[in-house]
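Data block below; observations after.
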There are 2 protein chains.
Amino acid sequence: MQNNVNGNTEKRILEAAKHVFLQQGMDGTVMQHIADEADISRTSLHYYFRSKEKLYESVLQELVGRFIGQVNGIMTQDLPFPEKLKIIVHEYIELFKSNPVLPNFILHELNRNPDKIMLLLSEALHRDFRSRFTEELHGYNPDVSASQFMMSLISMCVFPFVARPLVHHLFFDGRKDAFETFVEERKTFVFDMLINAITP
Amino acid sequence: MQNNVNGNTEKRILEAAKHVFLQQGMDGTVMQHIADEADISRTSLHYYFRSKEKLYESVLQELVGRFIGQVNGIMTQDLPFPEKLKIIVHEYIELFKSNPVLPNFILHELNRNPDKIMLLLSEALHRDFRSRFTEELHGYNPDVSASQFMMSLISMCVFPFVARPLVHHLFFDGRKDAFETFVEERKTFVFDMLINAITP
DNA sequence: GTCTATATCGGGATAGAC
DNA sequence: GTCTATCCCGATATAGAC
């Protein structure tokens, strides 16, 4: 690629890095791979981002930040509890549908370096979200454990994506489109389960 | 360590390797670390297992094999469906309680190399398990999607373990014992949700 | 800003002594 | 069987030319 007149090389690098890091993780990624993908020489990476670690940090910040942002957007809508629940499930699954490897990346990072991620999460997440959710849940049915309930919600939405190959092979023998319809049906299935769980 | 008279060095290496690989994954692991943990020189590893890859293979085989074995044992008991469900959930969670990092490891490997893992899974899993489970489920309630139901069962049991730091921080601010009781309560919570889902 | 050349380091693997 | 010494390679990182 010729000399960079417009200043978008940095952006291109970040895009490439995001892509590779998402797929390979920090340990599995080699800088050359990112360089190739950004159509740039390997050393030039170090011109823009002094080290691999620094580059990784940038990507991490952006990804987690964006993720948190979207989750917050979903969680803080003002509606009757069941409607809200429906939207949360729906939007959650949509989010993962359009960012297939993101949950895996965050999960991996969460275990590699829990404190760092949880710091990002805590800073970004609305302080009072949990108590508000708990309050609304208990307004609807006070006998349900909020943490168990939330955990179930998250689990059922996220896990099929982080274990996608399992779903593919176990249920559909690798048929491509089957996963799409499975995920689509999942929205109502999960919602129904949750409603059942809190309806006395 | 002195010369090995009894032949348990290999075993010790496997133990150490299992431990390190489980924590760090294939990419994150360095051979020196395993050598240290086995109290042996780094080069001796190569005497027993020609390469890192080979050593990893051995560990992987054993771990996944053992895992499959236990899951199979749980799944193939002969009981009325609801009782069976209760036992499956209970045993599943117990399995993860005593092997905290195992699910993470398998999940990671599943995404790193889906075909290899799924091959191991397919070989080991009873061919007719799914159809049998589906049959029994539909005997109890024919209107429930078997794949959605199974996915929910697995998700709710496994996910809290693979996202353990999230659970810790989000719900308990890192209190150590809280996770234990959470997991204990989870057995009945998940079971109740599943029963609710299939009771017309 | 981007390249080529090079330094440095770390980890996997092998040879050979004991 | 286990060690020490060494080889080799690949990846990060830097210096300096253009």
Among the residues listed as B:59, B:89, the single one being within 14 Å of another protein chain (Cβ to nearest Cβ) and either modelled with pLDDT of 90 or more or more than 12 Å from DNA strand C (Cβ to nearest atom) (or both): B:89
Anything in the range B:120-138 that is at pLDDT below 95, more than 9 Å from chain A (Cβ to nearest Cβ) and assigned to a helix (DSSP H, G or I)? List them, or say none. B:120, B:123, B:124, B:129, B:131, B:132, B:133, B:134, B:135, B:136
Going by the structure shown, is residue A:155 at pLDDT 90 or above, under 22 Å from the mean Cα position of the chain (by Cα) and at the interface with another protein chain (Cβ under 7 Å from one of its Cβ atoms)? yes
Can you pull out every residue in the range A:154-173 that is surrounded by fewer than 19 Cβ atoms within 10 Å (Cβ to Cβ) and not in a helix (DSSP H, G or I)? A:173
For the range B:19-37, enumerate the residues that are crowded, with 19+ Cβ neighbours inside 10 Å, more than 9 Å from DNA strand D (Cβ to nearest atom) and more than 14 Å from chain A (Cβ to nearest Cβ). B:34
Is it the case that residue A:117 is within 11 Å of chain B (Cβ to nearest Cβ), part of a helix (DSSP H, G or I) and within 19 Å of residue A:157 (Cα to Cα)? no
Index of the failed condition, residue B:188 passing every other in (1) more than 8 Å from chain A (Cβ to nearest Cβ); (2) under 23 Å from residue B:106 (Cβ atoms): (2)
Among (1) in contact with a Phe, Trp or Tyr (Cβ under 9 Å, 6 or more places away or on another chain); (2) within 7 Å of chain A (Cβ to nearest Cβ), which single condition is residue B:149 missing? (2)
Among (1) outside any loop (DSSP other than H, G, I, E, B); (2) more than 16 Å from DNA strand D (Cβ to nearest atom), the one test that residue A:45 misses: (2)
Name the residue that is farthest from DNA strand C (Cβ to nearest atom), counting only residues in the range B:7-42 that are in a helix (DSSP H, G or I), without any contact (Cβ under 8 Å) to a residue 12 or more places away in the chain and polar (S, T, N, Q). B:24
Among the residues of the range B:92-103 satisfying the criterion of being in contact (Cβ under 8 Å) with a residue 60 or more places away in the chain and within 14 Å of chain A (Cβ to nearest Cβ), which is nearest to the chain's Cα centre (by Cα)? B:102
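The values are calculated or read from the model by the stated rules, or taken from the named source; none is laboratory data. Computed from a prediction, not measured in an experiment: that's the story for all the values here. Quick reminder, even Gly has a Cβ in these numbers, built from the backbone with ideal geometry, and neighbours come from all protein chains shown.
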